[in-house]
Amino acid sequence: MGGKKPEGMVLINDQGLRLDGRRPDQLRNLKIEAGVLKQADGSCYLEWGGNKVMAAVYGPRECHPRHDQDPTKARVRVRYNMAAFSVSDRKRPGPDRRSQEISKISSEALDHIVLASLYPRNAIDVFIEILEAEAGTRCAGLTAACVALADAGIPMKGMVASVAAGKIDGVVCLDLSREEDNFGETDFPVAYVAGTNEIVLLQQDGHFSPEEIDRALELTAKAAQEIYALQKAALLRKYESMAQSGADEERAEDAESASAQPEAEPDAAPDEEPHADVAAEPEAETTHEEVR
Ligand code: ADP
């Protein structure tokens, strides 16, 4: 935001389309996968336009250091980190002011939805790793983190879906790309609690009129519903594949125990004998009669 737009650069063309061909109200492609890491309690991998994000959740587990413990609730701690290779110029590794700020606002957003009072003295640690960045990473990170929390089975009052709006060439648009973020006029990331539409994060960099804010909220609220549907579908796919592999395992176990009992088959005959006996009984009587 705020970079000087190169001379003659047009972010919205005469047909009202953006540099990547999207309409103002269109999201970039979004792909979400839940449960991708074995070692984490919950995880999510997300690709959103050119962003690639991994989120992992550990906990609830005893909070360390102990002086960080809250006797009334769990601490929801988020670490947002951009990999050194996530942007075209190598990013200096480690926390900087920007990542600290994003970690803080993400913690606050998630703290609002996690039922933290169920886990006093515990910590729920959320790691957001930006593997590739192309604008909108705080929204992508928060959206992934929430899927990872659900994947970890952490009780929440709702899912958080996050997306930015912005202003480019004077038009309010959804989900800014890198050029739009660099050379646009306004960036406006928002995070909603799905279902209630409660806002748990809202930032603004640049200027908006009150009408433009209304339009930005309208676009982001509608898009949050689309994002929520994708989050839910990713979690469902994860549970369906778990159920499928559970069923496959059961079938394999059945097949194994069946093949482990080839000698059991002759035993099956005596098993049938009682039935044979029951059926044979009148016959035995007849025989008895005949003898008499
Ligand atoms: P967000 O990623 O949430 O939009 P910003 O608006 O701060 O956050 O950043 C916009 C984009 O600028 C990032 O997605 C990333 O592509 C790029 N960027 C951010 N920090 C750096 C950095 N240290 N080096 C290079 N590019 C960066």
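Quick notes on this one:
- Selection status of Glu7, away from the ligand (no atom under 12 Å from the Cβ), over 29 Å from Phe183 (Cα atoms) and exposed (fewer than 12 other Cβ atoms within 10 Å of the Cβ): no
- Boolean, Ile128 is within 26 Å of Phe188 (Cα to Cα) and buried (at least 23 other Cβ atoms within 10 Å of the Cβ): yes
- When residues of segment 111-137 are limited to those that are touching a residue at least 60 places away in the same chain (Cβ under 8 Å) and part of a helix (DSSP H, G or I), the one nearest to Met159 (Cα to Cα): Ile113
- Counting the residues of segment 52-78 that are of a type outside the set (Asp, Glu) and over 18 Å from His112 (Cβ atoms) gives 13.
- Strands (runs of 3 or more DSSP E) contained in segment 140-241 and holding at least 2 residues under 19 Å from the mean Cα position of the chain (by Cα) and assigned by TED's automatic domain parsing to the domain that holds Met82: 160-168, 186-193, 198-202
- When Ile213, Ile227, Ile199 are checked against the criterion of being surrounded by 16 or more Cβ atoms within 10 Å (Cβ to Cβ) and in contact with a helix residue (DSSP H, G or I) (Cβ under 7 Å, 6 or more places away or on another chain), a single residue qualifies: Ile227.
- Checked against the criteria, Ser106 counts as surrounded by 17 or more Cβ atoms within 10 Å (Cβ to Cβ), within 22 Å of Met1 (Cα to Cα), of a type outside the set (Asp, Glu) and within 16 Å of the ligand (Cβ to nearest atom).
- All of Ala56, Ala140 fail the test of being in contact (Cβ under 8 Å) with a residue 60 or more places away in the chain and more than 15 Å from the ligand (Cβ to nearest atom), apart from Ala56.
- Top-ranked residue in segment 164-182 [being surrounded by fewer than 22 Cβ atoms within 10 Å (Cβ to Cβ) and under 13 Å from Asp205 (Cβ atoms); ranked as farthest from the ligand (Cβ to nearest atom)]: Asn182
- Extreme residue, farthest from Thr137 (Cα to Cα), among residues of segment 59-110 that are part of a loop (DSSP other than H, G, I, E, B) and hydroxyl-bearing (Ser, Thr, Tyr): Thr72
- Any hit, segment 86-103, residues being more than 12 Å from the ligand (Cβ to nearest atom), of a type outside the set (S, T, N, Q) and within 24 Å of Ile227 (Cβ to Cβ): no
- If you go through segment 199-222 and keep only what is closer than 24 Å to Ser103 by Cβ and touching a residue at least 24 places away in the same chain (Cβ under 8 Å), you end up with Val200, Leu201, Gln203, Asp205, Gly206, Thr220.
- Contact map, segment 1-29: residues that are more than 17 Å from Gly170 (Cβ to Cβ) paired with residues that are basic (Lys, Arg) and surrounded by 13 or more Cβ atoms within 10 Å (Cβ to Cβ), Cβ distance under 9 Å, separation 6+ or inter-chain. Pairs shown: Asp20/Arg28; Gln26/Arg18; Arg28/Arg22.
- Ile168 in contact with a Gly (Cβ under 6 Å, 6 or more places away or on another chain), closer than 18 Å to Met54 by Cα and touching a residue at least 40 places away in the same chain (Cβ under 8 Å): no
The values are calculated or read from the model by the stated rules, or taken from the named source; none is laboratory data. Worth saying up front: this structure is predicted, and the values here are computed from it rather than measured. As a convention, Cβ positions derive from the backbone with ideal geometry for all residues, glycine included, and neighbour counts pool all protein chains shown.
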